[in-house]
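Asks: Handing you this structure, nothing more for now.
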Amino acid sequence: MNLNKLLYYLMEKNNLNLNIHDVSGLLSQAPFRINASLKMHANLFCDAAKTTKNGYLLCTRTKSLACQKAIASKQPFWGFCAYGLYELVYPIVSENKVLCILFIGNHTPNLMITQKKALKACKITHVNFSSLSIYFHGLEQTDKAYLLCTAQIIEEYIRLTLKNMPLQPKLDTKFHWAIQNIKEYADNHFKQQITLKELSKLYFMNEKYTGRLFCKQIGVSFHRYLVNLRLTYAADQLKKTDKNVLDIALESGFNSISYFNRTFYEKFGETPTRFRAH
């Protein structure tokens, strides 16, 4: 069983939301390569919490602070996320260095507390509370001992695998590990109001340096890469659905219909309406 299968098995059998945040390049090594969805908070609840710009910023900054605390303390801790989910944050440490950080959640010790926190966050971020609250019924009652045991199983797997690896492990990507993670995040979440500034913080990198490295390795700036993803998705929706142009633009991640029309024309050589007519 590889790490990817182990994580999915633990999630499926125990109704967990589990992800590993890489802070060392560990997940770029072949034995630890996992699906992009397992590297980020990407369940339905978390996606619903990020449907506005402020919602996305609140989630990302909360995770960034949790990562900073995990790296500073090198000790597991518990806490509520900004929207009221209770999580175990568990740093995996080797030779006094944090390799990665486990986040294990989809739990609550008290549903009323979770609902109050979620409602408060939604008022601040303008996220639709009703869209978020439909996922409350799937939350598990927190069992700290069980979640700690789950984290320890994953930690032991990683430690044993590292022990049996060659001295110069094979990297399973041609990009810098942080750039690979940022690219994967954009590939899977381009509809959200993601920013290079916030993603850089998650990997403890300077935004300007990250931007230069992204452009050098990917071939285009992060902004252009993100716009191209959105335009490609919008073009597909124009051909395959009868949604109006405004709805497609908003769904694709554009906040301005004029900007969408302009960039669409620059990429495809015609307006969205004419593109659809062909």
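Asks: In region 18-61, how many residues are assigned to a loop (DSSP other than H, G, I, E, B) and out of contact with any strand residue (DSSP E or B) (no Cβ under 9 Å at 6 or more places or on another chain)?
Replies: Narrowing region 18-61 to residues assigned to a loop (DSSP other than H, G, I, E, B): 23-25, 33-35, 40-43, 50-52.
In the following step, the residues that additionally are out of contact with any strand residue (DSSP E or B) (no Cβ under 9 Å at 6 or more places or on another chain) were identified as 33, 35, 50-52.
Residues in region 18-61 being assigned to a loop (DSSP other than H, G, I, E, B) and out of contact with any strand residue (DSSP E or B) (no Cβ under 9 Å at 6 or more places or on another chain): 5 in total.
Asks: Further, regarding this structure: What tally of residues in region 30-64 results from selecting those that are aliphatic (A, V, I, L, M) and more than 20 Å from S200 (Cα to Cα)?
Replies: So the count comes out to 5.
Asks: With the checklist (1) buried (at least 20 other Cβ atoms within 10 Å of the Cβ); (2) in contact with an Asp or Glu (Cβ under 8 Å, 6 or more places away or on another chain) in hand, flag the one item N15 doesn't pass.
Replies: Here N15 clears every test but (1).
Asks: Could you please find all residues in region 156-177 being at pLDDT 85 or above and under 26 Å from the mean Cα position of the chain (by Cα)?
Replies: Those that are at pLDDT 85 or above and under 26 Å from the mean Cα position of the chain (by Cα): E156, Y157, I158, R159, T161, L162, F175, H176, W177.
Asks: Give region 231-259 a look and list any residue that's in contact with a Leu (Cβ under 8 Å, 6 or more places away or on another chain) and not β-branched (V, I, T), or say none.
Replies: Of everything in region 231-259, those that are in contact with a Leu (Cβ under 8 Å, 6 or more places away or on another chain) and not β-branched (V, I, T) turn out to be S252, G253.
Asks: Pairs under 8 Å by beta carbon, first residue surrounded by 11 or more Cβ atoms within 10 Å (Cβ to Cβ) in region 147-171, partner modelled with pLDDT under 95 and part of a loop (DSSP other than H, G, I, E, B), six or more apart or different chains?
Replies: Sorted first by the residue in region 147-171, then by its partner, the pairs are L147/L16; T150/L16; L171/G25.
Asks: Are any of the residues in region 3-17 closer than 23 Å to S200 by Cβ and either part of a loop (DSSP other than H, G, I, E, B) or free of Cβ contacts under 8 Å to residues at least 40 places away in the same chain (or both)? Give the derivation first.
Replies: Just the residues of region 3-17 that are closer than 23 Å to S200 by Cβ, to begin with: none.
The answer is no; no qualifying residue exists.
Asks: If you don't mind, there's one more thing I want to ask. Report yes if G79 is in the same structural domain as Y135 (by TED's automatic domain parsing), over 27 Å from C122 (Cβ atoms), small (G, A, S) and modelled with pLDDT under 95, otherwise no.
Replies: For G79, the condition - in the same structural domain as Y135 (by TED's automatic domain parsing), over 27 Å from C122 (Cβ atoms), small (G, A, S) and modelled with pLDDT under 95 - is not met.
Asks: Being in contact with a Gly (Cβ under 9 Å, 6 or more places away or on another chain) and either closer than 20 Å to I179 by Cβ or of a type in the set (A, V, I, L, M) (or both) narrows it down to one residue among L85, L7; which is it?
Replies: None of the other options fit; the residue is L85.
Asks: Of the residues in region 225-261, how many are among the charged types (D, E, K, R) and either farther than 28 Å from L196 by Cα or exposed (fewer than 12 other Cβ atoms within 10 Å of the Cβ) (or both)?
Replies: 5
Table: residues versus (1) surrounded by fewer than 23 Cβ atoms within 10 Å (Cβ to Cβ); (2) farther than 30 Å from L250 by Cα.
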position	(1), (2)
K5	yes, yes
T52	yes, no
G55	no, no
C59	no, no
A72	yes, yes
P76	yes, yes
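Asks: Of the residues K117, K123, which single one is of a type outside the set (D, E) and either under 16 Å from L18 (Cα atoms) or within 22 Å of the chain's Cα centre (by Cα) (or both)? Working first, answer last.
Replies: Details: K123 fails: either under 16 Å from L18 (Cα atoms) or within 22 Å of the chain's Cα centre (by Cα) (or both).
So the residue among K117, K123 that is of a type outside the set (D, E) and either under 16 Å from L18 (Cα atoms) or within 22 Å of the chain's Cα centre (by Cα) (or both) is K117.
Asks: How many residues does region 62-94 hold that are part of a helix (DSSP H, G or I) and more than 17 Å from the chain's Cα centre (by Cα)?
Replies: As a first pass, look at region 62-94 and keep what is part of a helix (DSSP H, G or I): 62-73.
The next check asks that each one be more than 17 Å from the chain's Cα centre (by Cα); those that pass are 69-73.
Residues meeting the conditions: 5.
The values are calculated or read from the model by the stated rules, or taken from the named source; none is laboratory data. Keep in mind it's a predicted model, so treat the numbers as computed, not measured. Note that each Cβ is placed from the backbone with ideal geometry, even for glycine, and that neighbours are counted across all protein chains shown.
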